[in-house]
1. Ranking R441, R696, R177 by Cβ neighbours within 10 Å, fewest first, what do you get?
2. Give, to the nearest whole percent, the P(r) tail of the stretch 648-777 beyond 23 angstrom, counting all Cα pairs.
3. Whose amide H sits under 5 Å from the amide H of L174, counting only residues 5 or more places off or on another chain, with H placed in the peptide plane?
4. Measure up K414/K452; K152/K498; K745/K777; K612/K734 against 26 Å on the Cα-Cα distance and list the ones that go over.
5. Would you mind classifying the stretch 89-161 by shape? Square roots of the alpha carbon gyration tensor eigenvalues, ordered a ≥ b ≥ c; an a/c under 1.5 is rounded, otherwise it is prolate if a/b is larger than b/c and oblate if not.
6. Find the centroid of the Cα atoms in the stretch 712-736 and in the stretch 442-492, then give the distance between the two in whole Å.
7. Using the count of nearby Cβ atoms within 10 Å as a rough guide to exposure, how do S758, S590, S650, S136 rank from fewest to most?
8. Using a/c under 1.5 as the rounded threshold, could you call the stretch 641-712 rounded, prolate or oblate? The axes a ≥ b ≥ c are square roots of the C-alpha gyration tensor eigenvalues, and prolate needs a/b larger than b/c, oblate otherwise.
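Please treat every number below as a calculation from the coordinates, not as lab data. These figures come from a predicted structure and were not determined experimentally. All Cβ positions, glycine included, derive from the backbone under ideal geometry; neighbour counts span all protein chains shown.
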Amino acid sequence: MKYNISQCLSIPVLLGITVNTMAQDKNNIRLTDKQSIPRVVAAMTAEEKVSLVTGMGLRIEGLPPGILPPGDPKDANIPEKVPGAAGRTHAIPRLGIPSITLSDGPAGVRIAPFRNNDTTRPYYATGFPVATLLASSWDTALVTQIGKAMGKEALEYGIDVILGPGMNIQRNPLGGRNFEYFSEDPLLTGHMAAAIVRGVQSMGVGASIKHFAANNQEFNRMQLNTIVSQRALREIYLRGFQLAVKYGQPWTVMSSYNKINGVYTSESPALLKNILRGEWKYKGIVMTDWFGGTDPVKQLNAYNNLLMPGFYAQSQALLAALKDGSLSAQTLDANVTGILQLAIQSPAFKKYKYADKPDLTGSAAIVRRAAAESMVLLKNDSALPIAPPGKVALFGVTSYKLIAGGTGSGDVNKAYVTDLDKAMLQGGYVLDAGLQTEYARYIAEQTAQQPKPTGLFSTPPPIPEQQPDTDAINRLAKYMDAAIITIGRNAGEGSDRKVEDDFLLREDERTLLKAVSEAFHANNKKVIVVLNIGGVIETASWRSLADAILLAWQPGQEGGSSIADVISGNVNPSGRLAATFPMAYQDVPSAADFPGKELPGGSDNGNPLMGKPSEVRYAEDVYVGYRGYTTRNIATAYPFGYGLSYTTFSYSRPRIASAPGTYPVRISVTVTNTGNRPGREVVQLYVSAPAIAQGRPVRELKAFAKTAILPPGGKETLQLSVNTQDLAWFDEAKMAWVVTPGNYKFELGSNAAAVISSADLKIPKEIIAEKVSVSVK
Ligand code: BGC
């Protein structure tokens, strides 16, 4: 009979005997490389193994007792390696196992800027643009570059794993963390996540794709049951993760807080074992979201390797489970082995000598360019660009206090944020000094009156717009060339957004917009609205007041300069929407089922952080975002994929370049710059598949590509490819991805609602692209 080391360990472990007594040469065993892992596992005691799968805990000054479960008392006096990092694993020095340090997050390295005992300097990190802006680039090469800059910064600050990218689907515009996520579409999401992961990991630092899966809102997130069909799960909510695993090969995956169909994701063998490891061949580890799930034994049995941030009661429960057999030694060893495999890749293991001196200046330059390129020009009636030294009246609080990124764990402690007013002056524009002084005074006064942040997460309340008097606006309208009004929004972890005063403009914003628009239009001057927002808002009711609308998203710490670069035309914006802007909130396919409801009789057991037992039903099924609007013929304000440029483009007809019956299907198209400025175009390839009885979205994005900067008259031929799984739908009855026979239209669209031209492909008989193993419940 064959047996392996872990089987040989199981009996002593079950008896509670420490395992290292079996190892003859225990003093010489050290983690040196992959081959050493089985020996190291064999030499570990049960306590050591359990310590490895439970992190070193989280301490947050000022939180009332009882909110966070206490860590292992033995860890209490071990100083933090990187203050402000989100967590770390236990080191086992006698075996050469290092502690791995993990930090948030999607928009850069989240660490504390100030350290006790060190008054010599701050430790700032770059505030990168939010993920939604990055996705609007539709440019995987650019996003990989961002990932590299982030990874390098993490490396230089002693971090081993970045807890990002966030990649949940933006199911509803009110999702509080949408800014941390890429898109309403899984294909774009998956490729963007993979691109960033490749960048981060090329620096020798791990990434963590999160939150796996179906974590699309904040409402009662730790006790939320997401009820979703297997088809919507596979086609929408898991698909992006599947692509990110395939094309990014992340070192780690973070399971989510919620349940799917009744089971916590971190406790779901179907999700973590069968699908992620089995079907997708994922090789890395899974960690919980912070304090996620309730049963550590179920978590380890589901191969959720690492419980973060880890607390004492968990390790005690695991030791007891080893004794009573509800956790086998073999399963524990398999979880431990995963963490050791992560460890040997880490900078900590390689003893990387970080100097706490990342190249913040280099990153700032990348951030400025990436944000400018990725902004989306929603409207432009000959208002932009405006060449310096134009005279511009800047209105709106956020023109003077830019929102670089969202709040919560997706926030970054950055050295500065470049405001739009400063950047415009720097760019050679003439501003009204009186207006600038007045806004500065008003913002200082309002900020001083803001309530102190409460709880773990909080988003500061917005500062209401002050209304300059009519005479002042009229005077400005006479002598300035144009007006810019910035509208700002912020949100973050812990709560979702609201329709009133958030998705919809506030009354004070409408009044300002109207007053400025009337005065400037009466003087034949243009009005430009800049949207400095992290999530989709309503635009249809007020957009006629503006001549141009520039969607700047939350553009990172160089945001003001990036916006100024687009206003001046130094950068021709080439962003396209990664999420639909609906006409009205009621039109959103999930509007009736967001954010779900609390279950009767449920309790948070006195811990507000836990929230109350709740459920949400994804009744719109696969018709999320543009899949819903296009299929049901609902007009939108700005469709998915939409965005203007300062130039124009024409397309050749798409040509199917691959031989019939061969996969992937290869499509080529030539794009020509037909305008008079250099610019980049995003080519979007949608597929309209034959109808099926179960119903299917009218078209779905299946590939995309972006041209280089084309000079006027310049051309580029782009190649796109679509494989059988992209063409397939998920058939619950067959438990398979199925390509139904019939006619497939390969449509080139300038957005999801506007097909430019198409090519047909007949598929004569059914293709089973992939059989799957389990349902998620
Ligand atoms: C968030 C994660 C984050 C973790 C560590 C959790 O509250 O949901 O996204 O990575 O905290 O800060």
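1. Ascending number of Cβ neighbours within 10 Å: R441, R696, R177.
2. I get 38 percent for the Cα pairs in the stretch 648-777 exceeding 23 Å.
3. none
4. Values: K414/K452 20 Å; K152/K498 37 Å; K745/K777 35 Å; K612/K734 37 Å.
Listed pairs above 26 Å: K152/K498; K745/K777; K612/K734.
5. Verdict is oblate for the stretch 89-161.
6. Spelled out, the Cα-based centre of one part sits 45 Å from the other.
7. Details: S758 18, S590 24, S650 13, S136 30.
If I rank by nearby Cβ atoms, fewest first, I get S650, S758, S590, S136.
8. On the way: a/c = 3.32, a/b = 1.77, b/c = 1.88.
Here the stretch 641-712 falls in the oblate category.
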